[in-house]
Amino acid sequence: MRGQDLINAVLPDELILEIFNRLDDSKSTCDSCSLVCKRWTNLERLNRRSLRIGVSGSPDSLVKLLLQKFVNVRSVCLDVRLPINAPSSSSSSSVGRRFRRRPSQPQPQPPPSKKRRYGNVAAGSSAKYPVSLSGSSEEIDPEQNSLSDAGLAALSEATKLEKLSLVSCSNITSMGLKSVAEKCGSLKSLDLQFFNISIAEGCYIGDIGLAAVGQCCKHLEDLNLQFCEGLTDTGLVELAIGCGKSLRILGIAARANITDISLEAVGSHCTSLHTLSLDSESIMNKGILSVAQGCRMLKVLKLQSINVTDEALQAVGTFCSSLELLALYRFQRFTDRSLCAIGNGCKKLRCLTLNDCYFLSDDGLQAIGAGCAELSHLEVNGCHNIGTFGLESIGKFCRKLSELALWYCQRIGNNALSEISRGCKFLQALHLVDCANIGDDAIYDIAHGCRDLKKLHIRRCYEVGDKAIIAVGENCKYLTDLSLRFCDRIGDDALIAVGQGCPSLRHLNVSGCHQIGDAGLTAVARGCPQLVHLDVSVLQHLSDIALAEVGEGCPLLKEIILCHCRQITDVGITHLVSKCTRLEACHMVYCPYVTSAGVATMVSSCANLKKLLVEKWKISQRTRRRAGSIISYVSIDL
C-alpha cells in the first residue's frame, strides 16, 4: 500500500546488515543505503569500515566525534591535504555533508527534511563504505590546525582498527603513535608519510613510537615509512624483532638515518617479506645482501637512489627466485652483470623498470629477454646506452609482453619495435617519449602485428606521422586511449582514420599537433561516441565547427582542454555545452575570442562542472556568484 513500509518493518537488523555486506564499495551505494530511513542510517553507521578524514580545522574533536558515530571502523586515513567542513558538537548530524559555498559566508544549516549527503569516497581493500570529508575551499594553516597526540589518543579507542594512514600530520609524536599501538593490537597496516616536514616543524615520530608498534601489534603486515626524520635504526630493529614473523610489505624512504643495520634486522627476522621498497642514499651492499639472503620469498623489489653495486643485485638474482617485479631508479654504480644475474635466477620476473641506470647496455637487456620469458611489463627511462639490439631480444623471447614504455631512448630505432610487433602479439599498451629514431615504420608494424593494442601514447617523436596513425586506425579496433602530443607530422588524415576505425576510443590527446584542424576532430566526434577526455590545446587551426561536432557526437564527454586555441569563440563554447551535459572540467586559458559571455555560458549550462581554468578577468561578478556553488577552481591569475 502506498505510504506504508511493508518490508522494512519485518526485516531484522542482522539481515539488513548482511545485505549491506554483500553490496559493492561505491559511494553511491553507501549514500543510498543511509538515506532510506533513520533505521538504515544507524545500521549503515554500524557497518561502515573505513574513514578518510582531512585533518585541518579541529581534527582532534572531529576524530572523537566520528568514532562515536562509526564504532566498527577498521580503516582510518588522516591526511592534512584534505580540507574539511568540521561539524559542530551541537550539530553532529552534519558529519560527512558537503556544502558548496563561498568562504566568506557562514556554513548553511540544512532543514531537517533534507537528506544526508556524504563526501567523496576512497575505497580501501578492507573497507565496506568509506567516506571522505571534504569540500571546503577555505585555506587553514596546517601547523595551527593539525592532528595532535590527543587526536591519536581518541583514535586509539577504535580497538578494532586494522589500517591506519597518517599523511603530513606534523604535530603528532611518538607518544600518540604509542597510544594507538597499545590499544589497537589488531593493527595490520601502518602508513606514515611526512613529505617536506622537518623535525623543527613539529613532526617527531621516533624510535619509541615504532618500538611500541613492534611490541604491541604482532599482526602487522604492511608498514610504510616515508621521511620520518625522528626514526633511526633502533626503532626499525625493534619493530623487525617484534613484527618480523607477520610483516609482508615494507616501504622505507629516508635521508640518512636508516642504514644497513635496519636491513640486516629485516633480513634476519622478516623471513616472510614479499614486498620491499627502499629510497635511501645511506643503504649499501650489506643491507641488500642481508635482505636477499634472508627474505627468499621476496616478490616485489623497488630500489631508488641507493648506493649498491653489482654484488648486491647479483645476490638478489641468486637468492630471490620468486621475484616478479623489479624497479631500479637512479642507479650509478651497477652494470650489465646485475641484469645477467637477474635473468639467470629470476625466471618468474613479470615487471621490470629501469630508470636512469646509466651503465646498462644491450647486453643486460638481452640477458633479461633470454632468461625471463614471463616478462609482461617493461619500462626503460633515460638508460642512454640501451639500444635497438637489446629491445630486439625482448621481442624475440618475451612473448607475453603486454606493456612497453620507452622514455628518452635515443638509441632505439624502428627495427626494435618491428621485432616487438612480430613476437609480442599480446601488446596492449605502448608509451614512447622523446625517442628520436622511432618513426612511421615502427608504429606501422606495431599496428599490424599487435591488433589488441588499447593504449598508445606518443610524445615528441618527430618522425611519427600520418602513415603510422592511419595504420593504427585501420588495425587497432580496440583502442581506447590515444595520446599524440607535439608530433608535428600528424594531421587530419590520421584522425580521420582513427575516427573511422576506433569506435571504443575514450581518451584523446592531440595537444601541439599543429597540422590537425576541423576535419580530423570532426571525424573523431562522429566516430567515437564514447569519448570522455579530449585535449586539443595549442591547435591553431581548430575552430567552432569542430567544437559543435564534438558537442553533437560526444555526449559522454567529461573533460576538455582548449588552451591556446586561438580560433575558438563563444559560439563554439555554446554549441559544445548544449549537448555535453556531463562536462566536469574545462581548461580554456589563452583563448582570446572566448569572452566573459562564453565563460558564463559554460558555468550556467554545465550542472556537473567542478573545475574551470580561465583568465581571471573573464569572470564576471554574476558568474563569480553562481560559480561559487558549482566550481572548485574558478580562475587563475596570468
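The values are calculated or read from the model by the stated rules, or taken from the named source; none is laboratory data. These numbers were taken from a predicted model, which means no experiment stands behind them. Here Cβ is always computed from backbone atoms with ideal geometry, including for glycine, and neighbour counts include all displayed protein chains. With ligands, DNA and RNA removed, areas are computed over all heavy atoms of the protein, side chains included. Shrake-Rupley method; radii C 1.70, N 1.55, O 1.52, S 1.80 Å.
Tabulated values for the structure
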{"read-out": "Formal net charge of residues neighbouring D481 (Cβ-Cβ distance under 9 Å; K, R +1; D, E -1)", "value": "+3"}
{"read-out": "Cα Rg over Rh - the stretch 309-444, Kirkwood", "value": "0.95"}
{"read-out": "Over 17 Å [Cα-Cα, the stretch 521-638], rounded percent", "value": "48"}
{"read-out": "Solvent accessible area, Å² - K477, 1.4 Å probe, full protein context", "value": "100"}
{"read-out": "Area accessible to solvent at V36, 1.4 Å probe radius, in Å²", "value": "80"}
{"read-out": "Residues of the stretch 423-464 with amide N under 16 Å of a point placed 7 Å along Cα→Cβ from H384", "value": "434-437"}
{"read-out": "For the stretch 238-321: rounded, prolate or oblate by the Cα gyration tensor [a/c cutoff 1.5]", "value": "oblate"}
{"read-out": "Area of Y204 that stays accessible when all protein chains are in place (1.4 Å probe, Å², to 10)", "value": "110"}
{"read-out": "Spin-label model distance (nm) - L556 vs K477, 7 Å beyond Cα toward Cβ", "value": "1.8"}
{"read-out": "Convex hull per residue volume in Å³, alpha carbons only, for the stretch 391-534", "value": "78"}
{"read-out": "Lysines whose Cα lies under 30 Å from that of K348, excluding same-chain neighbours fewer than 8 positions away", "value": "K188, K245, K286, K299, K302, K396, K400, K425, K454, K455"}
{"read-out": "Anchor K218: aspartates and glutamates whose Cα lies under 15 Å away (excluding residues fewer than 8 positions away in-chain)", "value": "E162, E182, E238"}
{"read-out": "Potential extension, R81-T159 segment - 0.36 nm per residue separation minus Cα distance", "value": "25.5 nm"}
{"read-out": "Separation of alpha-carbon centers, the stretch 275-319 and the stretch 499-573, rounded to whole Å", "value": "48"}
{"read-out": "Simple Cβ-charge dipole of the stretch 489-597, Lys/Arg +1 and Asp/Glu -1, about Cα centre, in debye nearest 20", "value": "180"}
{"read-out": "Cβ-Cβ FRET estimate between D488 and M297, R0 fixed at 45 Å, reported to 0.05", "value": "0.35"}
{"read-out": "Radius 15 Å from Cβ of L360, net charge of other residues (Lys, Arg +1; Asp, Glu -1)", "value": "-2"}
{"read-out": "Options T623, S511, C554, ranked by Cα towards positive dipole end of the stretch 475-632, top entry (Cβ charges)", "value": "T623"}
{"read-out": "Förster radius 56 Å - calculated FRET efficiency between R582 and S322 (Cβ-Cβ, nearest 0.05)", "value": "0.80"}
{"read-out": "Accessible area per residue, Å², the stretch 405-550 with all protein chains present, probe 1.4 Å", "value": "35"}
{"read-out": "Residue (of I438, G465, G449) at the positive-pole extreme of the stretch 423-578, dipole from beta-carbon charges", "value": "G449"}
{"read-out": "Extension gain from A256 to R624, taking 0.36 nm per residue of separation minus the Cα-Cα distance", "value": "127.6 nm"}
{"read-out": "Whole-number accessible area per residue in Å² for the stretch 179-325, which is evaluated in the context of all protein chains at 1.4 Å", "value": "37"}
{"read-out": "Apportionment of accessible area to carbon and sulfur, the stretch 266-377, percent (1.4 Å)", "value": "47"}
{"read-out": "Net lengthening on full extension, R39/R333 (0.36 nm per residue, minus Cα-Cα)", "value": "99.5 nm"}
{"read-out": "Förster radius 51 Å - calculated FRET efficiency between L46 and M175 (Cβ-Cβ, nearest 0.05)", "value": "0.95"}
{"read-out": "All aspartates and glutamates inside 16 Å of K477 as judged from Cα atoms, apart from same-chain residues fewer than 8 positions distant", "value": "D445, D452"}
{"read-out": "Inter-probe distance in nm under a simple model that places probes 7 Å from Cα toward Cβ, at K396 and N355", "value": "3.0"}
{"read-out": "Spin-label model distance (nm) - D13 vs D191, 7 Å beyond Cα toward Cβ", "value": "3.2"}
